[in-house]
Amino acid sequence: MCSKSACATMDPFDFFERHSILIRARPESILNSVRRYHLGDDPLLRPALYLRELPARLLHTPPPPPLELQDFTLLSQTDRSLIYGLKGSFWRTNYGLRRFDTPMEFLGDRDASSATLVLSFMTVPAGRERTRLVTQTHILCPTSYVWRRFLPYWLIIRPVSGLLRRRMLSQIKVRCEQSA
C-alpha cells in the first residue's frame, strides 16, 4: 500500500474493488435485478452490520440505518450499465453521508472533507445467452487527511464488503437464472 501522494500518479482513485460473475440472462434482466436488490436480502448482513455499528454502540450513539442502493445518487444508466455515487465520511459512526438529488449536484460538489465512492455494475456479453456482471467500487480521497482517515476503515471493511458483494452477485445470478 502506498501513501496518498505516491498513489496519485498511478490511478485517479485511491481504493478499488472489483468482482464479477457469469449469468445466463440478458443484460436488461440482470440490471433490473441489480436495481431491485436489497442488502437486507442477505442473512449475513445482520452480523456484518452489528460489527460495523459496534463503535456507535460503544459511544452510546444511535447507529445509522443500513445503506441501500437508494442512498446512492444514480449518476448514469445505459442498457448495459448502472453507475452510482455516494459521498461521505464513511469512517464516522454515522457515515457522514452527503445527499444529492441529481448527478450534476454530485459531480459538481467539491467538498474536500468527504470521500467519493463510485459504484458501477456493468454487463459484458460472454457468449450464448450468457452475460458477465461486473461490479466495481472506486473511492477517491481528495486530501491526505481524508485518505488517512479512510485507510483504516478500508482495511477493516474491505474483506467484509468483498464477501457481501460476491454474495450479492450470486443471489442476483440465482434470481435471474430462475426467472429465465
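The values are calculated or read from the model by the stated rules, or taken from the named source; none is laboratory data. Predicted, not measured: the structure shown is a model, and the values here were computed from it. Every residue, glycine as well, gets a Cβ built from its backbone with ideal geometry; the counts of neighbours run over all protein chains shown. Side chains included, ligands, DNA and RNA excluded: accessible areas come from the protein's heavy atoms. Shrake-Rupley method; radii C 1.70, N 1.55, O 1.52, S 1.80 Å.
Some points to look at:
- Peptides 112-121, 98-107, 160-169 ranked from most to least packed, by the mean per-residue count of other Cβ atoms within 10 Å: 112-121, 160-169, 98-107.
- Each residue was assigned an accessible area with a 1.4 Å probe, and for Asp14 the value is about 20 Å².
- Taken as entire DSSP H runs, the helices of the chain that both span 15 Å or more between Cα atoms along their own long axis and average -1.0 or more on the Kyte-Doolittle scale are 45-58, 144-179.
- Sequence-separation-based contact order of the stretch 102-180, relative, with Cα cut under 8 Å and 6+ spacing, percent: 24 percent
- Per residue, the accessible area of the stretch 136-180 comes to 56 Å² when a 1.4 Å probe rolls over the protein heavy atoms.
- Area accessible to solvent at Arg52, 1.4 Å probe radius, in Å²: 40 Å²
- The relative contact order of the chain, computed from alpha carbon pairs under 8 Å that lie at least 6 residues apart in sequence, is 33 percent.
- For the chain, the 222 nm mean residue ellipticity estimated from helices alone, with every DSSP H stretch of n ≥ 4 adding -39500 (n - 2.57) and the total spread over all residues, rounds to -12500 deg cm²/dmol.
- Centroid-to-centroid separation of the stretch 129-180 and the stretch 59-128 [C-alpha atoms, Å]: 12 Å
- Summed over the residues of the stretch 5-121 and divided among them, the accessible surface reaches 56 Å² per residue at a probe radius of 1.4 Å.
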